[in-house]
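Trainee: Take this structure first; my questions come after.
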């Protein structure tokens, strides 16, 4: 793992610059994304990454070779100006990374804040281009790992130049919008920055910018001690998906709801179950998610409009309720905030851990924060939207912040003052849901909230009256994992509920320690007192602490009692010279047997504790999986119902289609019987028929004349008419060959007239048939 951590060594700084650093501009050079990749930042802004499971395997496996299984990637962003990087945050998908810190222009110039967004997914591993200082240094310090050069774009450079004493308190990527960066600065300004165009070389766009006004005084100047010291996104349950919590320096908790970036995606099922208690919330839902009623869209993108009428209100401070046996921290020494989802399904807002200079507080939110808006916007000369608490009568009631535990991190009050704090961190353990890690400077504590499963069981069994008093709850188990003289620059817990966990700590000199927290059962022997029951794991020797004990338990004996038979016999005084039946020999053998029995009794007790703890974990996991199966079955039933409804709709559509076709056929038949204007051909036929009808009387008269002539001609004798057609005229004595030219002409005319008569008779018959048809 040397390739992952050795580059972290920070450049030396003058003492005056280090002492002038704001308390909340603390280091955070390690982080993890939702894909399971672990990232480490050095002071030049170079980011190295590897898989988290390889780091965990390296920590718990004594036989693991250094770097043999880990693939380390070095990302070298091309920063516009060199700066001293102090914090890193990577988006859930691992596409974008944000590095922030300070930039000293040299020659006595002022020191200003610097923040850059790099697109890690667009990195190029085929060499370096350009003359940037960071790339040049990366060439010189190349240690053989895969190197990727990527672009980096500055964020809020003009704002930082305008106010030099402003520093970045924290940057975090929005859980529902992968390319939206949330930034909190020491002047109390909270920004939502869209980084969609960074991969294409575009600049980040500040979508929203709120000036958090905690007391309604409209502050303009940036204070030395910021009023808002940290923020965290609420769990994505109900309105919590749109809620952001802010921690004030006094330890008070404030909230803003709804806070939604443009393009953020949410499940439609989650949005449908939101309870809009007033018209404003319902109108906001309809405006932000116009496709909410479209069941074909499972994930809805937010359509966000500007706060032109009523900006989102800053709700708070949330009223606190502290047990009489547990006191709260005094003074303005709040440092960090961490919010975890609720561990029992009662619709609560979540479990909140706040870190102070001398103590850590654990709170429970009994309900979620509801949406609220201010009466009107208030802007200063730089365009910030001032937001303050909603004091109108229609404002929703704020949930009470129930303080369940207060853990003192120092035996002497005031020993760890706020001025001495150089590093502070509070994070929930991803491997054990009721564990929280807190760190102040170089001291790391593990706090196991043993009362969380008790509350969960009480909530399930509906016997809350048995645990009405907080004093009846079991005490938390606290252990100091390490105590370094120098402050840390990075801390990140790794692992998951189905695997062992490890806490990676990084010091400013580049050395790292992998802390393996003890199991909850092993800590029960300390009685909940502050103790150093675990030590840091050296990377050279990998003393795996309690995880090695678990490995030894699987082999039959705990690590601290792993004594062989020869060693036990030697301690008990058993030697080969002993004889059978000798009283001394019998006493030594009895002592040896008693020692072995004690070892195996301890082993059985530890195994019992581990089995009980594992059973609790498995019970909770089984319950979660049952709920998931129930949800999946419900979704499957809904899908079947939708399928059946779709089949019915298809059948109805087919029947409707056939009915429409039948109606179209009827309309076509009826259309033929409807009178319509004559076409050109029909008009021509009609005029011809009228002409034929006009000629019909004349033709009839002509036919009658021809009939009369024909009848007259047939009534005469042959001797009177001579030849008709081919007949000869006998009355003439003139020979045939003596016929003249006139006779031939007459015969020809008679033949033509006979043909014409036949044609006229045929035409007359045709005309009579046509008239009869009409």
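Coordinate-derived values only; no laboratory data. All figures in this text were calculated on a predicted structure; none of them were measured in a lab. Don't worry about glycine lacking a Cβ; one is built from the backbone with ideal geometry, like all the others, and counts go over all protein chains shown.
Trainee: Beta carbons within 10 angstrom, averaged per residue: use that to sort the peptides 672-683, 175-186, highest first.
Mentor: Ranking the peptides 672-683, 175-186 by packing returns 175-186, 672-683.
Trainee: A further question follows. Stretched out fully, how many nm does the piece from residue 613 to residue 683 gain, at 0.36 nm a residue minus the Cα gap? Spell out each step's value before the answer.
Mentor: Details: separation 70, 0.36 × 70 = 25.20 nm, distance 10.23 nm.
Contour length minus the Cα-Cα distance gives 15.0 nm.
Trainee: Follow-up. Across 5 Å bins from 0, what is the distribution of all Cα-Cα pair distances for the stretch 645-698, in whole percents?
Mentor: 4, 15, 10, 11, 10, 9, 8, 7, 6, 6, 5, 4, 3, 2, 1, 0
Trainee: In nm, to one decimal, how far is the residue 650 label point from the residue 755 one, both placed 7 Å along Cα→Cβ?
Mentor: 7.6 nm
Trainee: At a Förster radius of 35 Å, what calculated FRET efficiency corresponds to the Cβ-Cβ distance of residue 669 and residue 293, to the nearest 0.05?
Mentor: For residue 669 and residue 293, the calculated efficiency is 0.20.
Trainee: How far is the Cα center of the stretch 645-691 from the Cα center of the stretch 253-315, in Å?
Mentor: Between the Cα centres of the stretch 645-691 and the stretch 253-315 lies a distance of 53 Å.
Trainee: Right, something else. For the stretch 565-670, what ratio Rg/Rh do Cα atoms give with a Kirkwood hydrodynamic radius?
Mentor: 1.82
Trainee: In µm²/s, what is D for the stretch 155-217 at 37 °C and 0.692 mPa s, where D = kT/(6 pi eta Rh) by Stokes-Einstein and Rh is the Kirkwood radius from Cα pairs?
Mentor: 261 µm²/s
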